[in-house]
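Have a look at the structure below before the remarks.
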Amino acid sequence: MTTRIVELRRGILKKNDELAAGLRDRFTSAGVLVLNLVSSPGTGKTALLERTLRELGARGAQAAALVGDLETDNDARRLAASGAPVRQINTHGICHLDAEMIGKHLEGWQGVTLAGLNYLFIENVGNLVCPSSYDLGERIRVALLSVTEGEDKPLKYPGLFNSADAAVITKIDIAEPCGFDRELALRNVNEIRPGIRIFETSAKTGAGIEEWLAYLAEQAKVF
Amino acid sequence: MHELSIAASIVESVTEAASAYPRARVKEVRLRVGALASVIEDSLQFCWGLATEDSSLAGAALVIKMLPVKLHCAACGADTEVDGVQSFRCPQCGELASDLRQGRELEIESFELEEPDTPTPEPVEEQV
C-alpha cells in the first residue's frame, strides 16, 4: 500500500461562493443595491421591510423583495401590501438561503427586471448562525437585533455580527419597558464589529427610519 | 444546523478530486476552519458520518484544524491572534481592530489516499 496526500485548498462552499460572485456581477451591472437582512426569528425583519418598502415607494424608488421562510407565504403577502413586487422563497426545512435559491427566484419574476430596480431586499430565514456562511451576492449584509433579545446577542453570535456591514436595533419604542440597556448593546455590537453603522429604529412609530432611508439612498448612489 | 450541508459539500468535492485515483481509498480528509466560520466541530463530525455512509468515502476520518481569529491593527500595525471571538481588540495596544486576517476559513486543505502497490505482472506460462 502507498499513501499519498493530495492538496486541495478549496473552499467548502466554493460552489455557493461562485454563484454569489456571478449574482454580484449581475446586480452591479444592473445598478441595483442588494441587501441581505439577517436576524433571529421575531426580531422584526418583515416589519422593518414593510415600512422601508412603503417609504421607498412613496419617494418614487423602485424596490422589490425576496423573502425566505421555511414554510408559508405569510410574509410575502404582508409585504405585498406595500405595492412593491415581493416573491416568497420556501426552503422547506433548510435553515438559510443560498445563492442558488436567489438565482432561481430571480428567473421568471413577473414584472421585475434587475435593471428596473433601485433596491432589492433579501429577507433571510430567521437564524443567526447558518446564514453567515452563505454569500447571496449582496452588497450590504444587515444584522438586526431587537430590544427584547438581550444586549449580549452580538457576543453570542459573533460569526454573523462580525460579517455584517450594518446593524439595526429594532423595536426601540418598547426599549424602556424591556429594560433595554442601550449603551451596553451599542458597545457589544462595536466590540464584535468595530466601526459598523448602527441604526436604532421602530417600524411602528417611524423612529430612526429617516436615518435608515438616508443610508440606503447614499449607498444606492455608489456603483 | 447547516453542518449536514457542509459535510455533503465536502463529500462532493473530495469524491470528485479523488476520482483521478480510481484504485485508491480515501483515508482522511483535512479541513481548515476559522473560529468565526459558524461551524461546530462535534456537529460536523456527526454529520460527516452520515454524509459518508454508503459512499466511496465511508470510513474516512475527518480532521478539523480550528484557526483562531487573527487581527490586523490599523493603530499599531501588529498582526496578532486573539483568544476567542468575544472581542476584536488588538492584544498589543487595546484598540478595536476590524481588519480580519484569519478566522473565516472554511476549506478543504488536503486528503490522504491509500493506493494498492502496482501488482507484479503474473509470469506468462509458456505453452508446451
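Can you name every residue in the range A:189-211 that is buried (at least 17 other Cβ atoms within 10 Å of the Cβ) and either out of contact with any strand residue (DSSP E or B) (no Cβ under 9 Å at 6 or more places or on another chain) or more than 30 Å from B:His72 (Cα to Cα) (or both)? A:Ile192, A:Thr201, A:Ser202, A:Ala203, A:Gly208, A:Ile209, listed by residue number.
Looking only at the range A:153-183, residues that are assigned to a helix (DSSP H, G or I) and either more than 14 Å from chain B (Cβ to nearest Cβ) or crowded, with 18+ Cβ neighbours inside 10 Å (or both) come to 13 in all. Checking each residue in the range A:107-139 for being of a type in the set (A, V, I, L, M, F, W, C), surrounded by fewer than 17 Cβ atoms within 10 Å (Cβ to Cβ) and not in a loop (DSSP other than H, G, I, E, B) picks out only A:Ala115. Pairs linking a residue in the range A:169-181 that is of a type outside the set (Ser, Thr, Tyr) to a residue that is surrounded by fewer than 19 Cβ atoms within 10 Å (Cβ to Cβ), with Cβ atoms under 6 Å and 6 or more positions apart or on different chains, are A:Ile172/A:Ala207; A:Asp173/A:Lys204; A:Asp173/A:Thr205; A:Cys178/A:Thr148.
Applying a threshold of 7 Å to beta carbon distances and a minimum spacing of six or more residues, or different chains, the list of pairs starting in the range B:84-101 at a residue that is more than 7 Å from chain A (Cβ to nearest Cβ) and ending at one that is of a type in the set (Asp, Glu) and not in a loop (DSSP other than H, G, I, E, B) reads B:Arg101/B:Asp79. Screening the candidates B:Glu28, B:Glu107, B:Glu112, B:Glu16 for the property of being within 12 Å of chain A (Cβ to nearest Cβ), under 30 Å from A:Asn190 (Cβ atoms) and among the acidic types (Asp, Glu) yields one hit, B:Glu107.
Table: residues versus (1) touching a residue at least 12 places away in the same chain (Cβ under 8 Å); (2) in contact with a helix residue (DSSP H, G or I) (Cβ under 8 Å, 6 or more places away or on another chain).
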| residue | (1), (2) |
| --- | --- |
| A:Thr72 | yes, no |
| A:Ala76 | yes, no |
| A:Ala80 | no, no |
| A:Gln88 | yes, yes |
| A:His92 | yes, no |
| A:Cys95 | yes, yes |
| A:Lys104 | no, no |
| A:Leu114 | yes, yes |
| A:Tyr119 | yes, yes |
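Please verify whether A:Ala61 is in contact with a strand residue (DSSP E or B) (Cβ under 8 Å, 6 or more places away or on another chain) and small (Gly, Ala, Ser), treating the condition exactly as stated. Here the answer is yes, as A:Ala61 does meet what is asked. For the range A:212-223, enumerate the residues that are aliphatic (A, V, I, L, M) and exposed (fewer than 12 other Cβ atoms within 10 Å of the Cβ). The answer is A:Ala214, A:Val222.
Just so you know, in the range A:66-95 the residues that are within 14 Å of chain B (Cβ to nearest Cβ) and in contact with a His (Cβ under 9 Å, 6 or more places away or on another chain) include one that is surrounded by the fewest Cβ atoms within 10 Å (Cβ to Cβ), and it is A:Leu70.
Residues of the range B:41-57 being part of a loop (DSSP other than H, G, I, E, B) and surrounded by 13 or more Cβ atoms within 10 Å (Cβ to Cβ), which ones? If the condition is that a residue be part of a loop (DSSP other than H, G, I, E, B) and surrounded by 13 or more Cβ atoms within 10 Å (Cβ to Cβ), then B:Ser55, B:Ser56, B:Leu57 are the ones that fit.
Only the coordinates and a few stated rules stand behind these numbers; no lab work does. No experiment lies behind these values; they were computed from the predicted model shown. Here Cβ is always computed from backbone atoms with ideal geometry, including for glycine, and neighbour counts include all displayed protein chains.
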